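Asker: Can you read through this structure? Questions will come right after.
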Amino acid sequence: MDKVMSRLHDRHEFFVVTSFYGPKLWSPADHFKSCRIMEINTSLFNTPNISGLVKMKALFDYCDLVYFVYWPASWKFICLFLQEITKTPVIAGHHLSFDLAPNVKYGFSMLGPHGLMIGKRLAAHHALTLEAKSALISLGIGNVYYIPNGVDTKEFSFREKEEPFKLLFIGRLDENKGADLLPKLVQLLNQKMNSDFEFNIAGNGKLNYLVKALEKTYTNVKYLGYISESQKRELYEKCHVLVILSKKETFSLVGLEAMAAYTPVISTNVSGLREYIKSGYNGFLCNNFQEIIEKILHVYRMWKQNDCYEELRFNARKTAERFDWSNVSKKIEAMFLEVVKNAR
């Protein structure tokens, strides 16, 4: 959000609404420099209380447009209700992989009757991938905009890749991100590569105990925990390949960030990653676990033998430049203006 607002704040006024719900890993005021922050009080299940609803109603009255991430269920109803009574159009942003999942434990997916009822009445929808746009349209949802995520390529630099061969995993440590596959992956790679690599793992989650155990077992595994943006950029630039093991994704920005740092990506073949990974050009999409192993070994040999690895790197960077925020933010602004115009 900040990447978009920083490019548009000279001609638009922005507010970011957040709550006191859940842990705070960073300060919203420090993160969002180009807007005004409104923190509201919430009750059970992150539902706005009376004072929070009053603040939101005032904000809807003041603003020309509201954009919200389509989750959780309570916020969907509230945003639809406030759109109806204030006539301020609402765009639902589909940034979460379970938006279009058939079974959602908490809240309503677009596939449920309540999700469809709300979705069809909102002013517009923002899909990050062509697959998501097609899925929404197939459900009878109208006014769907396809605009992918972006990356600030100027923040990433070219760096020579040094010994040893470095693998990188960045993400939430849970089953959805494939963290449960890390022990088997590390074990097999150590066998096949004679431990001639370093595996850097960054992130937190309920499976961090698995990664901590890996670090104790293998001297070539480094568990970094939660890392800052500057640390993340340094890792992208130093490591030879980013490995993504996700079972599902909406877009996966980490893959695009790695490419901006001239680092190819090896990933499971899931939605989102298919948006920008072209096998053999800037990385590899893999249909099963064995293929992930094979492609890691393939890229390792490419680097060792100086065989087209640099070409893979520069193709990755070219891909990221297509998604630079300087281009994406213009499309988002155009969406905002068109939705406001159509609502009048």
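The values are calculated or read from the model by the stated rules, or taken from the named source; none is laboratory data. Note that this is a predicted model, so its numbers are computed, not measured. Counting neighbours? That spans all protein chains shown, and the Cβs are built from the backbone with ideal geometry, glycine included.
Asker: Looking at the stretch 142-193, which of its residues are closer than 30 Å to residue 336 by Cβ and β-branched (Val, Ile, Thr)?
Answerer: Listed by number, the residues that qualify are 144, 147, 151, 153.
Asker: Tell me, which helices (runs of 4 or more DSSP H) lie completely within the stretch 244-344 with 3 or more residues that are among the charged types (D, E, K, R)?
Answerer: It comes to 289-304, 309-322, 325-343.
Asker: Applying the selection to the stretch 303-334, what residues are aliphatic (A, V, I, L, M), surrounded by 19 or more Cβ atoms within 10 Å (Cβ to Cβ) and more than 19 Å from residue 274 (Cβ to Cβ)?
Answerer: 332
Asker: Can you tell me which residues in the stretch 274-294 are over 21 Å from residue 185 (Cβ atoms) and surrounded by fewer than 15 Cβ atoms within 10 Å (Cβ to Cβ)?
Answerer: Hits for the stretch 274-294 are 278, 280, 281.
Asker: Still on this structure: Would you check if there is a residue in the stretch 213-233 being surrounded by fewer than 16 Cβ atoms within 10 Å (Cβ to Cβ), closer than 25 Å to residue 320 by Cα and touching a strand residue (DSSP E or B) at 6+ places or on another chain (Cβ under 9 Å)?
Answerer: The answer is yes, given that some residue of the stretch 213-233 is surrounded by fewer than 16 Cβ atoms within 10 Å (Cβ to Cβ), closer than 25 Å to residue 320 by Cα and touching a strand residue (DSSP E or B) at 6+ places or on another chain (Cβ under 9 Å).
Asker: Take residue 150 and tell me if it is at pLDDT 95 or above and out of contact with any helix residue (DSSP H, G or I) (no Cβ under 7 Å at 6 or more places or on another chain).
Answerer: Values: at pLDDT 95 or above: yes; out of contact with any helix residue (DSSP H, G or I) (no Cβ under 7 Å at 6 or more places or on another chain): no.
The answer is no for residue 150.
Asker: Separate question: Given the residues 320, 334, 343, which is the only one that is among the aliphatic types (A, V, I, L, M) and touching a strand residue (DSSP E or B) at 6+ places or on another chain (Cβ under 8 Å)?
Answerer: Exactly one residue qualifies, and that residue is 320.
Asker: Now a separate question. Which pairs do you get when a residue that is on the phi > 0 side of the Ramachandran plot, found in the stretch 132-155, comes within reach of a residue that is assigned to a helix (DSSP H, G or I) and aliphatic (A, V, I, L, M), reach meaning Cβ atoms under 8 angstrom, with the pair 6+ apart or on two chains?
Answerer: Once the first residue is on the phi > 0 side of the Ramachandran plot and sits in the stretch 132-155, its partners that are assigned to a helix (DSSP H, G or I) and aliphatic (A, V, I, L, M) give 140/116; 143/339.
Asker: Within the stretch 10-27, is even one residue within 25 Å of residue 147 (Cα to Cα), of a type in the set (Phe, Trp, Tyr), buried (at least 16 other Cβ atoms within 10 Å of the Cβ) and modelled with pLDDT of 80 or more? Before you say what the answer is, go through the steps one by one.
Answerer: If we filter the stretch 10-27 for residues that are within 25 Å of residue 147 (Cα to Cα), which is where we start, we get 10-18.
Now restrict to residues that are of a type in the set (Phe, Trp, Tyr): 14-15.
Next, from what is left, pick out any that are buried (at least 16 other Cβ atoms within 10 Å of the Cβ): 14.
From the residues that got through so far, the ones that are modelled with pLDDT of 80 or more too are 14.
Checked the stretch 10-27: at least one residue is within 25 Å of residue 147 (Cα to Cα), of a type in the set (Phe, Trp, Tyr), buried (at least 16 other Cβ atoms within 10 Å of the Cβ) and modelled with pLDDT of 80 or more.
Asker: Hey, residue 43 hits all of (1) over 22 Å from the mean Cα position of the chain (by Cα); (2) modelled with pLDDT of 80 or more; (3) among the small types (Gly, Ala, Ser) but one; which does it fall short on?
Answerer: Exception for residue 43: condition (2).
Asker: Would you mind finding the one in 172, 159 that is more than 21 Å from the chain's Cα centre (by Cα) and either crowded, with 22+ Cβ neighbours inside 10 Å or in contact (Cβ under 8 Å) with a residue 12 or more places away in the chain (or both)?
Answerer: Matching residue, one of 172, 159: 159.
Asker: Give the stretch 207-233 a look and list any residue that's over 19 Å from the mean Cα position of the chain (by Cα) and among the charged types (D, E, K, R), or say none.
Answerer: 212, 215, 216, 222
Asker: Restricted to the stretch 61-106, and to residues that are part of a helix (DSSP H, G or I), among the aromatic types (Phe, Trp, Tyr) and within 27 Å of the chain's Cα centre (by Cα), which residue is modelled with the lowest pLDDT?
Answerer: For the stretch 61-106, the residue satisfying everything is 98.
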